[in-house]
Each structure stands twice: as C-alpha cells, then as structure tokens.
1. As an exercise, take the mean of 1/r over every pair of distinct alpha carbons in the chain, invert it, and state the Kirkwood radius in angstroms.
2. Kirkwood Rh over Cα pairs of segment 1-69 into Stokes-Einstein at 20 °C, 1.002 mPa s: D in µm²/s?
3. With springs only between Cα atoms under 10 Å apart, run a GNM on the chain and tell me which of ILE163, ILE28, ILE252 wobbles the most.
4. I need the phi-derived Karplus couplings for segment 151-157: 6.51 cos²θ - 1.76 cosθ + 1.60, θ = phi - 60°, integer Hz, Gly and Pro marked x.
5. If r is the Cβ-Cβ distance from GLN307 to GLU254 and R0 is 25 Å, what FRET efficiency results, to the nearest 0.05?
6. Hey, what number do you get for the chain at 222 nm if only DSSP H runs of n ≥ 4 count, each worth -39500 (n - 2.57), divided across all residues, to the nearest 500?
7. Using modelled amide H (1.01 Å from N, peptide plane; none on Pro or chain starts), what sits under 5 Å from the amide H of THR137, excluding residues fewer than 5 places away?
8. What is the gain in length, in nm to one decimal, between LEU247 and LEU118 on full extension, counting 0.36 nm per residue of separation less the C-alpha to C-alpha distance?
Amino acid sequence: MKIGKYEIEKPLFLAPMDDITDYPFRNICKEWGADVVVTEFVSAEAVIRNVDRSLKKMSFNEQERPIGIQLYGSSELSMANAAKTAESYAPDFIDINAGCWVKKIANRGDGAGLLKDLKKLERVLSEVKSNTKLPVTLKTRLGWDDSNITIFDVLEIAYKVGIDFITVHLRTRQQGLKGNADWSWIPKIKEKSKIPFVANGDIKTPQDVEKCFELGADGVMIGRAVIGNPFLFKRCKLYLEKKGEYLSDPDIKERIKWCLIHFRKHIEYYGEQRGVPIFRKFYNGYLHGYPYIGKIRTEIMNLKCAQKIEEILISVMENPEKVNDIVHSDANE
Ligand SMILES: Cc1cc2nc3c(=O)[nH]c(=O)nc-3n(C[C@H](O)[C@H](O)[C@H](O)COP(=O)(O)O)c2cc1C
C-alpha cells in the first residue's frame, strides 16, 4: 500500500487517539513495529488561532515516518488554512477526521458530524486537497447510525476528490465505542472502494490482524489494544510474516522496563505537573497480567511526584513478587 512516498505491504497503523498517541507514545510504537502513525486530532480552528498546545501536537521526529497529521473541523476555510500550516511541519500525509463521535464535536458538525452533510464533507475535502501538495487521507465511520449508513457515498466522494486512502472505523457514530465493530463490512468496502482502505475497530490480536487482511483490508489500524501494549505491533508483524518464533507477550519485567522508558520520555515532553496525570491511562496496559496490578495502580495513581512513581516501578521491575515491601496501600486486587 502506498503511503506518501513509502510503499508498505500490509501496513499496521497506530490509530490517532487524543491524549494517547502523542510524540512520546508514537515513538515507542515505532520502536515496536508500527508502520504508520497518526497524530492526535488537531482542531483546525485552534491551529489558525496559533494555540500553542495544538501546534505542539503537530510536531514529530524523523523516526516516526511515515506520519500523518490529523485535522478536524467543518469550516472549509479554516480546514484549508490549517492544512497549509500542517504542511509546513512536513508530515507524509494530512488525515481528515470525519469520525469523531464525541457529542460536543459531532453535534457542531465536526468529526462524524460531517457525515450528516456529505456536500459539506466534499467541500472540506476539496478545499484541503487544493491547498496542500501532500497526500490527503480520510478517517471515517460506516455512517451516522444504522438508518444512515453513508460509507458507499463517502467512498465515491473520497475517490472523486482525490483522497489517497480511507480508514473506516467499522462502527456508526451512534455506537461511539460501544457494541462490536462490524468486520463483515470489510469485503463490501473493499469491493466498492477505488482507493486503498484501512480497516479499524476492535482489532486486538495477531489473529485479528490476519483476519482483517484476509477479508480484504489493504491496511489495518489498531487503537485501544496498544495502549500500554506497544508490543502488540511486533507480535502481529511476526505472526503475519510467519518467520521465526511466535512471539509471546513480554513478561512483567520487560513490560515495566518499557513503561519506564515511555514514562521518562513522557515527563520530558510534558513536564511533571501535566505529564503525571496524562500517563495514568497507560498503567493498565503495561501492568496487564501482573497479579498485584490493583495494589500498584492504586499506589501510583495517587502520586504526583514522577521520581516516586519511577522508584515504585523500578522496585516492581526488580522484584515483582515482593509487592508488600514496595507498596503499603490496602487496595484489594
Ligand atoms: C481515547 C481515545 C481517543 C481517540 N481520539 C481519536 C482522534 O483523535 N482521532 C480519531 O480519528 N479517532 C480517535 N479515536 C478513535 C480511534 O482512532 C479508533 O477509531 C477507535 O478507538 C476504534 O479502534 P480500536 O477498537 O482499535 O480502539 C480515539 C479513541 C480513543 C479510545
């Protein structure tokens, strides 16, 4: 599959996730085998107002390539101007979000809100296309709800406008993240789509990835299953290649080692005050399978001091069984 100037067979994408797929985590995922990464979504309105935090979200390093900057918004003018700014960061593609289900975004017409007005979606895509030389891609859903499945119309629009590839989260907007992603759409979308198609939704194991490719996806995008679990990318890649041994999940020591590597990059990037609370989303993933996860998590979640958190993680890594010497909370498992 062609991604900008890269040609990657059966690419694995890291899904854009707000407050998750930031600069430190994208770098960790690349080290563990993610082929393509996308930034968190960035508001076009904030970009044109030069809001520091939004501009910072568009920064990346060379190791992350190929990388897309994802923009959201529904004003043609703002999206076009934001695309010009995004282009100045020199990503490999600009991804347009037409899938965000969060009420305050979708109800004002942004994200999945664009699926309620396909003419507007087309205008937004066209304006972005004509204001950047970069490839433009689209991330969307099956439709607004079960009675308004728009994916086939959106495929037509994407092709007409010259979108380079399309990612489909195989749920409707109404589902949010509930229910199951419906993979039975993969062959139907593949059949109709004249551009490459990346499948997304509930892909959690190497077998899931293989299945989605078998069903016809050109690329596969993984979100929640890699939060605190970047190891999954490598496991999927090895499984697909069928070379070497099937890679089992890293043990708790290895997981904590990577949690620490990530934590340090994260605190360096955000600073302690902002970074410590944001990182809380990752502990569950990294500590997955550890029998004393509840105790450690309760202890760490209450801490504001990065150094203290590091000390606890290092102690667990060095001596995972001696949990009672490390923490003193009464939390039950
Ligand atoms: C915490 C969180 C934040 C998300 N933020 C974004 C975002 O910024 N842009 C986007 O296109 N999708 C976003 N999504 C949706 C994911 O990219 C993905 O489509 C969804 O989680 C389904 O894939 P999964 O089942 O592999 O997690 C977000 C999802 C989660 C859980």
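1. After inverting the mean inverse Cα-Cα distance, the result is 20.6 Å.
2. Answer, rounded: 171 µm²/s.
3. In the Gaussian network model the winner is ILE252.
4. 4, 5, 5, 5, 4, 4, 4
5. 0.65
6. About -13000 deg cm²/dmol.
7. ILE94, ASP95, ILE96, ASP164
8. The span from LEU247 to LEU118 would gain 42.0 nm if fully extended.
The values are calculated or read from the model by the stated rules, or taken from the named source; none is laboratory data. These figures come from a predicted structure and were not determined experimentally. Don't worry about glycine lacking a Cβ; one is built from the backbone with ideal geometry, like all the others, and counts go over all protein chains shown. Heads up: the accessible areas ignore ligands, DNA and RNA and are worked out on the full protein's heavy atoms, side chains in. Shrake-Rupley method; radii C 1.70, N 1.55, O 1.52, S 1.80 Å.
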